[in-house]
Amino acid sequence: MRKFLVLLDDSRECLNAMRFAAMRAANTGGAVVIMSVIAADDIQHGFGVADVMRAEARERIEAHFEVFAKWMRSRPKIEPELVIREGDPAEELLAQIEQDGEIGVVVLGLNGEKGGQNPVLSRLLRDPTYLPCAITLVPGDLSKERLEAIT
């Protein structure tokens, strides 16, 4: 089964990437893997503090995931999988692709603002021959109706 891998973050364009992945998966018999990365910089090290911060980050990610998962479950045959990793988002995305051979498409949302940067996309495009799957870029300002029409 081909899986669509989407990065879950707090960006506005993440919503369209999630929608696109779910619609494509529903239309093609695929699955959706939603990955969120806890940045190592976000975890302070100290006596128990890192564990508390890590647990809080996981709770926040799981709550955010459930919002998207509820919508995805309303689509036929879509049960999203949540993967939480810790480290650099681009490096962890590459590691997840390497570990899960069924990932066939990485879906990334694009910031519609001029000059908007996507560090994960920049890292992936630095050496695109290394990436063993396709990348789909979804503009963050596409309407839901337009997304439905193109999926």
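Observations on the structure shown:
- Whole-Hz ³J(HN,Hα) from phi, Karplus 6.51 cos²θ - 1.76 cosθ + 1.60, for the range 137-151, glycine and proline x: 9, 10, x, x, 9, 5, 6, 4, 5, 5, 4, 4, 5, 8, 9
- Working note: Debye formula, equal point scatterers on the alpha-carbon atoms of the range 3-150, no solvent; log10 I(q)/I(0) at q = 0.13, 0.15 Å⁻¹ is -0.59, -0.78.
- Note on Asp51 and Cys133: with the Förster distance fixed at 22 Å, the Cβ-Cβ geometry gives a FRET efficiency of about 0.05.
- Taking 0.36 nm per residue of separation and subtracting the current Cα-Cα distance, fully stretching the chain between Thr28 and Arg58 would add 7.7 nm.
- Under 5 Å, built H, 5+ apart or other chain: amide partners of Val138: Leu108, Gly109, Leu110
- Only Cα pairs under 8 Å and 6+ residues apart enter the sum, and on that basis the relative contact order of the range 3-150 stands at 35 percent.
- Cross-link partners of Lys70 among aspartates and glutamates, defined as those whose alpha carbon lies under 19 angstrom from its own and excluding same-chain residues fewer than eight positions apart: Asp9, Asp10, Glu13, Glu59, Glu62, Glu79, Glu81, Glu148.
- Taking θ as phi - 60° and the Karplus parameters 6.51, -1.76 and 1.60, the scalar couplings of the range 76-85 work out to x, 6, 10, 10, x, 10, 9, 10, 10, 10 Hz in sequence order, x denoting glycine and proline.
- The ranking of Val120, Val49 from fewest to most other beta carbons within 10 Å of each one's beta carbon is Val49, Val120.
- For the range 62-151, trypsin sites (Lys or Arg not before Pro) are listed when DSSP marks them as loop and at most 12 other Cβ atoms sit within 10 Å of their Cβ; the list is Lys77, Lys114.
- Each Lys and Arg contributes +1 and each Asp and Glu -1, all at the Cβ; summed about the Cα centre of the range 3-150, the dipole is approximately 660 debye.
- Amide hydrogen neighbours beyond the local backbone of Arg75, cut-off 5 Å, H modeled: none
- Top positive-direction residue, dipole computed over the range 3-150 with Cβ charges, set His64, Gly30, Leu7: Gly30
- Between the listed residues Leu142, Gly87, Gly104, the Cα displaced farthest toward the positive end of the dipole of the range 56-151, a dipole computed from Cβ unit charges relative to the Cα centre, is found at Leu142.
- Residues whose placed amide H lies under 5 Å from that of Ala31, excluding near-sequence neighbours: Arg2, Lys3, Phe4
No lab work stands behind these numbers, since they all come straight from the coordinates. No experiment lies behind these values; they were computed from the predicted model shown. Positions of Cβ are backbone-derived with ideal geometry, glycine not excepted, and every protein chain shown enters the neighbour counts.
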